[in-house]
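Report on the structure given below.
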Amino acid sequence: MTPSGTNPDESGHQRPAGDAGTGHSASPAWELLLPAVSAPARTRGRSLQAALREAVRSGRLPPGTRLPSSRDLAADLGVSRGLVTEAYEQLTAEGYLRSGRGAGTWVGGAVRAAPPRARDLAPRSPGTEADFVAGTPDLSLFPRAAWATAQRHVLARLPHDDLGYPDPRGLPRLRTALAELLTRRRGVVADPERIVVVSGVAQATALLGFVLHARGVREVGVEDPGSPQHDALYASAGVTTVPVPLDGEGLRVDALRESGLRAVVATPSHQFPTGIAYSARRRAELLDWARSVDGLVLEDDYDGDFRYDRAPVGALQGLDPEHVAYAGSVSKSLAPGLRLGWLLVPRSLAEEVVERKRTLDLGHPALDQALFARFVERGDYDRQLRRCQRAYRERRDTLVAALAEDFPGSELTGIAAGLHVIAALPARYGPEERFLARVRAAGVAVRPLSAYTHARAEPDDGDGGVRLVLGYAHLPPGRIRAGVRLMAAAV
C-alpha cells in the first residue's frame, strides 16, 4: 500500500500524485486540522502549525503526501489564506514540509515517525524444536467447517432481541443445553437457573473471589502443587491463596481443617498437575469438611471429558451441589481463544455471582452463546470430544512409548486421563537444574513438577531425579518422538 496522495514510480519510489495531471490530491489534512482552527484568534496560527507538525510527526500525514493549496485549505478550514501560508512557510523552514515554485507543498522526508506497533502478549514458546509445556490442546483439531455452519445458521435465524444485552447468566437456550450436557457427561446436578456462562474458568474463579471477599472471606485454599494462576486471580479480588498439601489420595483434609479455611479450590477428577484422581474416601472427607464449616469447594473440571483407560470419574458437585461450585470450559475441547465456559453455583451464592457478573461485563457475547448452544444441541460438541479423545489417546501412547525407549526406567503417572503426564526420570539424569538447562539449550520447552509448587511451600529436595510435567495434546506423534529424542540426546 502507498501513502495517500502518492503513486509509486517504476523504481518503487514515491512520486507525488498529480505530477502528470492537474489539480491537488485528495488529502485528509483539513480534517486533522479542524480542531486547531477553533482556538482563539490570537493563538490560531500557532495552533494550526502545532497540529500540522504533529500530524507529520505522528505519521498521519506520511512523507510524500501532497497538501492542498493554501487557498483551498484556507477555504476548507474557514480561515484566512495568510494563516495557512504562514503555517506552510514555518513548517517548510523547519523541514517538515517541502515546496517548489508552482509545484505545490508536500510532506518532506526528514521526519521518521515510529510506525505504530501492536505487540502480541499471548503466551508462546518461540524458537523451540519441541514444546512439552502442558495446558494447550491441538488447535488444528478445531472443527472449522461445523463451526462455520453453525455460525451461518445462527446469524440467519437469531432473533433481533437476542442481540441486545443478554441475561448476565447467559442465554436460556445455552444454559438449558449446558445443563443437559453436564448432567449426562459429568454427573452434576445442573439447574439452568444456576448456570452462569463465563469467559472461561479464569473468570469463574475471579467471580467467586469477589463474592467471597464481599462475604468477608480473605483466604482461600489451593492445591499444592497446583495451578499457578490462582494466586493472581484471587489477588485481583483481594483474596489471598493458602497452599494445602496433597498426598496419594488427593487434598489433605487434615491440613485443610488445621488451616481454618472455609473455601478451597480443587481438581478432584484429575488433579493438576499430578494427575491423580481423588479417592472416594477423600472426596467424602472433603465434603464433610465443607459441611462442617459451611464452606465452599470450587471444583475446576478443566479436562473432565478426557479419559482413556478408565471410566470417567463423576464430578464432585453431583454429591453436594450446595457446597460445591463447579467450573468448566471449552478451552481443552475446542480452543482457549473462544473464552467460553460455565459456572454452576450453589443456590446460596447464585444472586451474588449473577450480580457480580452483570457489573463486570453485562453478560457474555450473545452470538457466541447462540452458536455454542446449537453446536451442543446438534451433537457437534459430542463428536468433537470423541475426535479429540482418539487423537489424544494416540499421542499419549506415543509419548509413553518414546519415554520407555529413550529414558528407560522412568515412572509415569497420571496417564489414564487428561492432556499431560508426570514423568519421574531416574536419578542418573539429574540433578534437575542441569537437566533443564541442557534440554533448553537443545530447543526443548519443558517444565518440572517443582514449577507448580506453591511459592511459599517448602521445596522438595527429592532423590536427585527429574520430575517433569509433559503436555502432549498439542503435538503430533512425530513431534513427540522427535522431542523426546532431542531431550535424550541433550543429556
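The values are calculated or read from the model by the stated rules, or taken from the named source; none is laboratory data. It should be emphasised that the depicted structure is a prediction, and the values quoted were computed from it without experimental measurement. Backbone-built Cβ (ideal geometry, glycine too); neighbour counts: all protein chains shown. Surface areas here come from the heavy atoms of the whole protein model, side chains and all, with no ligands, DNA or RNA. Shrake-Rupley method; radii C 1.70, N 1.55, O 1.52, S 1.80 Å.
Work through the residues other than residue 95 whose Cβ is under 14 Å from its Cβ and net out their charges, Lys, Arg +1 and Asp, Glu -1.
Numbers: positive: 53, 57, 98, 112; negative: 89, 94.
Computed value for this residue: +2.
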- [ ] Indicate, rounded to the nearest 5 percent, the antiparallel portion of the DSSP beta bridges found entirely in the chain.
- [x] 65 percent
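Determine, from the Cβ-Cβ distance of residue 92 and residue 42 and an R0 of 25 Å, the FRET efficiency 1/(1 + (r/R0)^6), rounded to the nearest 0.05.
On the way: r = 23 Å, r/R0 = 0.94.
Calculated transfer efficiency: 0.60.
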TODO: Note the full-extension length gain between residue 437 and residue 367 as 0.36 nm times their separation in residues minus their Cα-Cα distance, in nm to one decimal.
DONE: 20.6 nm
Open item on the list: Given the options 338, 311, 243, identify the residue whose Cα lies farthest towards the positive end of the charge dipole of segment 237-383 (+1 on Cβ of Lys, Arg; -1 on Cβ of Asp, Glu).
Closed with: 338
Open item on the list: Rounded to the nearest 20 debye, what is the charge dipole size of the chain about its Cα centre when +1 sits on each Lys and Arg Cβ and -1 on each Asp and Glu Cβ?
Closed with: 1460 debye
- [ ] Using a 1.4 Å probe and counting only protein heavy atoms, arrange 60, 485 so the residue with the most accessible area comes first.
- [x] 60, 485
- [ ] Just reorder 420, 474 by solvent-accessible area, largest first, 1.4 Å probe, all chains present.
- [x] 474, 420
Task: Ranking by accessible area, most exposed first, for 160, 213 with a 1.4 Å probe - done: 160, 213
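Of all accessible surface on segment 161-317 at a 1.4 Å probe, what whole percent is carbon and sulfur? All intermediate terms of the calculation are to be shown ahead of the outcome.
Values: 3090 of 5910 Å².
The C+S portion of the solvent-accessible surface of segment 161-317 is 52 percent.
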Open item on the list: Can you tally the net charge around residue 402? Count Lys and Arg as +1, Asp and Glu as -1, for every other residue whose Cβ sits under 10 Å from the Cβ of residue 402.
Closed with: -1
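In percent, how large is the relative contact order of the chain, given Cα pairs closer than 8 Å and 6 or more residues apart? If you can, show how the numbers build up before the last one.
Numbers: 854 pairs, mean separation 81.3, N = 491.
Normalised by residue count, the contact order of the chain is 17 percent.
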TODO: Taking mean projected area of the Cα convex hull in nm² as the quantity of interest, determine which of (1) 21.7; (2) 23.7; (3) 32.5 was computed from the displayed structure.
DONE: (3)
- [ ] Round to the nearest 0.05 the FRET efficiency obtained for residue 294 and residue 161 when R0 = 30 Å and r is the Cβ-Cβ distance.
- [x] 0.15
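Once you list every other residue whose beta carbon is under 10 Å from the beta carbon of residue 490, what net charge do they have if Lys and Arg are +1 and Asp and Glu are -1?
Working: positive: 438, 440, 485; negative: none.
Net charge around residue 490: +3.
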Task: Whole-number accessible area per residue in Å² for the chain, which is evaluated in the context of all protein chains at 1.4 Å - done: 48 Å²
